Amino acid sequence: MDCSKRLLTELAKPQEDRDGAVPQALWWSALAAYARCFSEGRRSGLTIDDVKNLPLHGAVMNFHTWVIGERDKLTSNSADSFETARIGAALAPPERGKRRVEGIAIFSASRVLIDVIGVRQLGGLASELAKQTAEKAEKQQDVVLRDAQLLDIKRLYESPPLETQRAAAADEP
């Protein structure tokens with residue numbers, strides 16, 4: 001959701017005031033973060049059913065599938081080495097009379113940045129999934145609290161406290 005919000009801010013800037021790498025990086029980050037929530041093997045990850053159960057209308061599943069597919073394209077190696085660049089012939093303008101090739105143009109095949117509507121769709125989809133997940137978490141918290149209240153209170157007080165901050169790495173200042 002944060003990447004989508006930041007990306008909308010970037011896309012609202014005039015093209016000449018925008019660093020082209022920033023919107024692309026934000027989009028790729030949004031795709032990766034969204035798809036990571038659906039990774040297999042995660043106990044608390046989201047599922048296709050979570051998307052299907054959202055109170056959204058339209059081609060939600062098609063969009064979800066497309067987003068996952070775009071992330072997959074970004075993270076996989078291409079089997080076709082020619083897929084990474086396209087080379088075209090730069091032709092003389094027809095009004096010059098003489099038809100000829102004047103040069104070549106090389107285009108790198110970066111992924112197309114989605115438009116504002118797509119960014120809003122992804123942000124909205126992520127927001128709805130976050131709401132749904134928060135509701136599930138709230139219900140689960142009640143279950144965990146009841147289970148914790150059944151534990152031996154003396155042992156709980158003797159247990160070391162949980163770490164609330166990430167331990168600093170050895171090479172950090």
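Would you mind pulling out the separation of the Cα centroids of the stretch 122-138 and the stretch 11-70, in Å?
Going from one Cα centre to the other spans 13 Å.
Determine the shape class of the stretch 1-76: with a ≥ b ≥ c the square roots of the Cα gyration tensor eigenvalues, call it rounded for a/c under 1.5, and otherwise prolate if a/b is greater than b/c, oblate otherwise. Mind dumping the intermediate values first?
Values: a/c = 2.42, a/b = 1.75, b/c = 1.39.
Prolate.
If the cut-off is a Cα-Cα distance under 25 Å, which lysines reach K131, setting aside same-chain residues fewer than 8 apart in sequence?
Result set, ordered by chain and number: K5, K52, K139.
Ranked highest first by average number of other Cβ atoms within 10 Å, how do 48-58, 138-148, 2-12 line up?
Details: 48-58: 12.0, 138-148: 9.4, 2-12: 16.8.
Highest-to-lowest ranking by the protection proxy: 2-12, 48-58, 138-148.
Rank-order 125-133, 94-102 by packing density, defined as the average count of other C-beta atoms within 10 Å over each peptide's residues, highest first. Intermediate results must be reported in sequence, preceding the final value.
Details: 125-133: 16.2, 94-102: 8.0.
Listed from highest to lowest mean packing, they are 125-133, 94-102.
In what order do R71, R155, R120 fall by count of nearby beta-carbon atoms within 10 Å, going from fewest to most? Before the final figure, lay out each step's value.
Details: R71 19, R155 8, R120 15.
Taking fewest neighbouring Cβ atoms as first place, the list is R155, R120, R71.
Only the coordinates and a few stated rules stand behind these numbers; no lab work does. Since we're looking at a predicted model, the values are computed, not measured. Don't worry about glycine lacking a Cβ; one is built from the backbone with ideal geometry, like all the others, and counts go over all protein chains shown.
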